[in-house]
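Working notes for the structure below.
The values are calculated or read from the model by the stated rules, or taken from the named source; none is laboratory data. Note that this is a predicted model, so its numbers are computed, not measured. Glycine gets a Cβ as well: all are built from the backbone with ideal geometry, and neighbour counts include every protein chain shown.
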Amino acid sequence: MTVLAIAGSRARRIVRDRLALFFIVVLPVLVIVIIGSIVGGTGTFRVGVVDRDRGPLSLSLEHDLAHARGIDLFRYHSVASGKTALRRSEISALVEIPAGADARLRSGRTVAIVAYGERANSDQQSAIATVSSVIAVSGARVQAASFAQQQVGGDFTTHLATAARLEAGSSSVAVATRSVDSKSNVLPRGFSYSAPTMLVLFVFINALAGGAAMIWTRQLGMYDRMLAAPVSPRQIVFGETFVYFLIALVQSLLIVGVGAVVFGVHWGDPVAAAALIVSWALVGTGAGMLAGTVFSTPEQSTSIAPTVGIVMGMLGGCMWPLEIVGSTMRTIGHVTPHAWAVDAWTALLSRNGRLVDIARDLAVLLAFAAALLVAATSRLRRALSA
Amino acid sequence: MPPVLVIAGKDLRQRFRDRSAIVLGFVAPLAIAALMSFAFRGADTFHVTIGVVDRDHGPIAAAFTGFLLGPDLRGIVTERPVTDVTTARRLVHDGTIAAAIVIPPGFSTAATRSGNTRLVELTSVNSRLGGEVSRSLAESFVSQVNADRLSVATALSGASGTTAGTVAQLTAAAEHLRVPESVVNRPIGSRPLKAVSYYSPAMAIFFLFFAIGFTARSFYSELRDGMIDRIAAAPVRPATVLFGKALSVVVYGIASLGTVLLCTALLFGAHWGNPLSVAALCLAMTTAVVALTAFVIAVARTDRQSDGFSALIVFGLSLLGGNFVTISAAPPLMRRLALLTPNGWALRGFVDLTTGARGAAVVLQPVVAILAFSAVFASLAVVFSRRLVIR
């Protein structure tokens with residue numbers, strides 16, 4: 001009962017604290033929205049186009065680029081603005097369709113379409129390779145119309161329409177794609193990426209920053225006053241642990257709820273997801289309580305905690321998938337509990353994993369939680385008993 | 001020593017005595033920059049290894065291998081011969097190669113006739129971009145064959161009468177055709193935007209924003225302890241106190257941003273261009289931090305409230321301005337929203353400098369925008385500070 005009273009008193013203070021509520025509720029949701037909308041766009045090349053011709057054939061090429069697989073097309077009014085976007089990496093390649101392209105093609109001449117991109121920049125060269133493929137396919141109709149006009153006479157536009165009609169039904173040399181696997185090693189894109197990673201990041205950072213509350217309680221002499229009552233250090237430790245765990249759990253459930261309802265995130269097997277949420281809340285509890293006993297001033301806690309949280313989040317794959325970094329960084333990343341939590345969420349969201357599939361990740365997380373909780377509670381008990 | 005410098009010196013000494021100022025201003029951004037540099041070493045560029053299973057051994061299969069080994073693709077593609085489909089599937093699955101192209105038996109013969117045939121691309125869900133590039137290259141290669149076939153079919157469709165001789169004649173004529181639209185690659189002379197070049201100023205600015213909260217809290221702490229009243233009793237004008245505190249923030253900000261940019265240039269190979277332009281951006285950004293600090297002090301009533309306002313400003317501006325994510329990868333609307341923030345403009349300036357943009361406008365526009373933002377918040381601070389004086 002005393003434990004619950006201590007926990008209830010702390011919980012009421014947090015609920016009344018608008019700043020704490022901002023960090024627990026509002027900030028994670030904002031970050032999920034922003035990172036989710038950005039990560040949703042990866043996996044395709046962003047290509048800019050400046051059409052200086054605006055003839056039917058140029059517009060047809062623009063249409064082909066806009067509907068090509070692997071390309072997101074952005075239109076620019078001038079080459080200068082397109083080049084600026086390319087330099088800033090807002091696009092991976094800029095295509096310039098020259099003025100008079102339509103007339104040249106109709107008269108059987110060739111047109112050089114400029115694709116801007118640095119030769120030493122492989123990302124830009126890859127985008128140009130993708131663009132070249134679309135242009136080659138699009139140019140097939142023009143070649144056919146021009147050839148037919150030369151061979152049998154007639155109108156270019158009529159032959160072009162015929163070529164477009166025949167292209168759909170004619171026999172061809174095709175490229176068929178077969179996937180060798182269906183289970184991804186990375187989280188799905190969009191909000192299904194940002195929601196679980198931000199859950200991992202923010203529950204941890206919030207718990208660490210929450211260490212400041214414990215320092216304030218200590219500085220205000222509230223622990224001393226509690227101990228003056230018939231309350232044992234063990235009861236205070238349990239009360240503090242319980243409230244930290246409760247906050248971490250409530251924040252996790254809020255993110256899961258908002259993710260599912262607002263952003264349509266499917267969190268996978270409910271039993272496994274629940275086990276993962278509880279394990280991560282325990283890790284956060286241990287980390288937050290340890291921060292509360294290690295730091296000596298609230299300022300240290302509120303400044304160092306976000307730094308530690310962000311760095312561990314980066315190492316652990318909350319800011320980018322560990323698949324894209326080298327094997328050394330992946331190994332270093334798994335020194336943090338974050339990487340194991342992200343691995344477990346990946347198994348649930350991308351591979352429809354069950355409890356047994358994330359058993360190893362959960363065991364590691366529980367080991368982290370146990371180590372942190374033992375260290376934190378023993379330090380707190382020692383401080384209270386002193 | 002002028003009172004302004006005395007007050008600024010006192011504030012700076014106080015700040016540096018608390019290790020958190022050193023952590024936030026120097027250690028944290030440098031640690032994150034180092035992490036970024038290490039994590040993305042070699043990942044700033046894109047390269048794919050494509051396996052080729054040649055079960056055809058004909059001239060077109062050889063031409064495809066030659067196409068992948070050509071000088072245009074040397075920087076992007078490594079071609080790896082693979083003996084059989086099972087091995088190719090395993091290599092794609094374990095990520096050794098990004099994708100594999102299987103050339104079926106009889107492909108060369110079928111491709112030169114009019115029947116259907118196809119190349120088969122093996123991809124993995126874990127290598128989407130590699131799969132897209134591999135597919136594009138394969139499609140690019142077969143497009144000329146398809147264009148020639150389509151040319152013959154279109155001409156035949158327009159011909160009045162079709163005989164075997166006409167088909168043979170048109171097929172022979174089409175063999176020498178080339179798709180009339182060709183792609184010419186032209187560089188623009190820019191440097192690539194490295195992760196370390198984006199995130200080191202982004203993180204330095206993010207952590208500099210914490211100075212808003214610290215300064216505001218120290219002001220309310222001094223107000224509560226009667227320090228401000230004691231200073232007011234001395235022959236020192238309120239403006240002197242204000243300038244002294246502002247100067248301490250400017251010095252701290254410049255030292256923090258300058259150290260991070262210098263260290264990233266020396267240790268991690270970041271390019272920052274003209275030092276004067278960099279200095280102008282840093283100065284403008286610290287001016288914005290001073291204006292925001294004044295605004296928070298003027299609006300808040302207690303140190304706890306100032307913490308709240310500071311947190312909103314720090315995380316609101318950082319999220320919107322692109323300090324946590326590469327804003328160039330964001331949708332256009334988010335890129336526009338970023339320009340409502342001083343940090344968004346500063347990051348645009350740093351991106352332009354590091355990617356090799358030249359001319360005064362590169363930093364002039366961001367500096368003017370940041371100063372305009374600062375002026376708005378400084379004016380609001382003046383309006384709200386009347387309430388503070390009355391209080």
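Within the range A:114-134, restricting attention to residues that are hydrophobic (A, V, I, L, M, F, W, C) and without any contact (Cβ under 8 Å) to a residue 24 or more places away in the chain, the residue that is surrounded by the fewest Cβ atoms within 10 Å (Cβ to Cβ) is A:Ala120.
Being in contact (Cβ under 8 Å) with a residue 12 or more places away in the chain and in contact with a His (Cβ under 9 Å, 6 or more places away or on another chain) is a property that does not hold for A:Val342.
Please pick out the residue among B:Phe350, B:Phe384 that is crowded, with 19+ Cβ neighbours inside 10 Å, touching a helix residue (DSSP H, G or I) at 6+ places or on another chain (Cβ under 6 Å) and either hydrophobic (A, V, I, L, M, F, W, C) or touching a residue at least 24 places away in the same chain (Cβ under 8 Å) (or both).
On the way: B:Phe384 fails: crowded, with 19+ Cβ neighbours inside 10 Å.
None of the others qualify; the one that does is B:Phe350.
Summed over the range B:19-39, residues that are facing chain A (nearest Cβ under 7 Å), in contact (Cβ under 8 Å) with a residue 12 or more places away in the chain and within 19 Å of B:Ser218 (Cβ to Cβ) total 2. For the range A:62-76, taking the residues that are touching a strand residue (DSSP E or B) at 6+ places or on another chain (Cβ under 8 Å) and not hydrophobic (A, V, I, L, M, F, W, C), the one that is modelled with the lowest pLDDT is identified as A:Gly70.
In the range A:238-245, is there at least one residue being crowded, with 21+ Cβ neighbours inside 10 Å, free of Cβ contacts under 8 Å to residues at least 60 places away in the same chain and touching a helix residue (DSSP H, G or I) at 6+ places or on another chain (Cβ under 9 Å)?
Narrowing the range A:238-245 to residues crowded, with 21+ Cβ neighbours inside 10 Å: A:239-241, A:243-245.
If we keep only those that are free of Cβ contacts under 8 Å to residues at least 60 places away in the same chain as well, we get A:244-245.
Filter again for touching a helix residue (DSSP H, G or I) at 6+ places or on another chain (Cβ under 9 Å), leaving A:244-245.
So far as the range A:238-245 goes, yes, one or more of its residues are crowded, with 21+ Cβ neighbours inside 10 Å, free of Cβ contacts under 8 Å to residues at least 60 places away in the same chain and touching a helix residue (DSSP H, G or I) at 6+ places or on another chain (Cβ under 9 Å).
Are any residues in the range A:220-240 in contact with a Phe, Trp or Tyr (Cβ under 9 Å, 6 or more places away or on another chain) and within 18 Å of A:Leu282 (Cα to Cα), and if so, which ones? Before the answer, list the steps.
In the first step, residues of the range A:220-240 are kept if they are in contact with a Phe, Trp or Tyr (Cβ under 9 Å, 6 or more places away or on another chain); the result is A:222, A:233, A:236.
Answer for the range A:220-240, where residues must be in contact with a Phe, Trp or Tyr (Cβ under 9 Å, 6 or more places away or on another chain) and within 18 Å of A:Leu282 (Cα to Cα): just A:Ile236.
Going through (1) out of contact with any helix residue (DSSP H, G or I) (no Cβ under 9 Å at 6 or more places or on another chain); (2) surrounded by 22 or more Cβ atoms within 10 Å (Cβ to Cβ); (3) not charged (D, E, K, R) one by one, B:Leu266 falls short only on (2). Given (1) touching a strand residue (DSSP E or B) at 6+ places or on another chain (Cβ under 7 Å); (2) farther than 25 Å from B:Asp56 by Cα; (3) buried (at least 17 other Cβ atoms within 10 Å of the Cβ); (4) of a type outside the set (Phe, Trp, Tyr), identify the lone condition not met by B:Thr123. So B:Thr123 meets the others, but not (2).
When you check B:Ser134 against the structure, is it within 50 Å of the chain's Cα centre (by Cα), assigned to a helix (DSSP H, G or I) and more than 8 Å from chain A (Cβ to nearest Cβ), yes or no? If you could, list the steps in order and put the result at the bottom.
Details: within 50 Å of the chain's Cα centre (by Cα): yes; assigned to a helix (DSSP H, G or I): yes; more than 8 Å from chain A (Cβ to nearest Cβ): yes.
In short, yes.
Limited to the range B:297-311, what total is found for residues that are within 13 Å of chain A (Cβ to nearest Cβ) and in contact with a helix residue (DSSP H, G or I) (Cβ under 7 Å, 6 or more places away or on another chain)? Counting residues in the range B:297-311 that are within 13 Å of chain A (Cβ to nearest Cβ) and in contact with a helix residue (DSSP H, G or I) (Cβ under 7 Å, 6 or more places away or on another chain) gives 9.
When the residues of the range B:312-342 are filtered to those that are among the small types (Gly, Ala, Ser) and either more than 7 Å from chain A (Cβ to nearest Cβ) or free of Cβ contacts under 8 Å to residues at least 40 places away in the same chain (or both), which remaining residue is surrounded by the most Cβ atoms within 10 Å (Cβ to Cβ)? The extreme case among them is B:Gly322.
Can you name every residue in the range A:135-190 that is of a type in the set (A, V, I, L, M, F, W, C), more than 8 Å from chain B (Cβ to nearest Cβ) and part of a helix (DSSP H, G or I)? Outline the logic, then answer.
So in the range A:135-190, the residues of a type in the set (A, V, I, L, M, F, W, C) come out as A:135-137, A:140, A:142, A:144-145, A:147-148, A:152, A:156, A:160-161, A:163-164, A:166, A:168, A:173-176, A:180, A:186-187.
Filter again for more than 8 Å from chain B (Cβ to nearest Cβ), leaving A:156, A:160-161, A:164, A:168, A:187.
Passing the criteria: A:Phe156, A:Leu160, A:Ala161, A:Ala164, A:Ala168.
Where helices (runs of 4 or more DSSP H) sit wholly within the range B:267-357, those with at least 3 residues that are over 26 Å from A:Trp320 (Cα atoms) and modelled with pLDDT of 95 or more occupy B:275-299.
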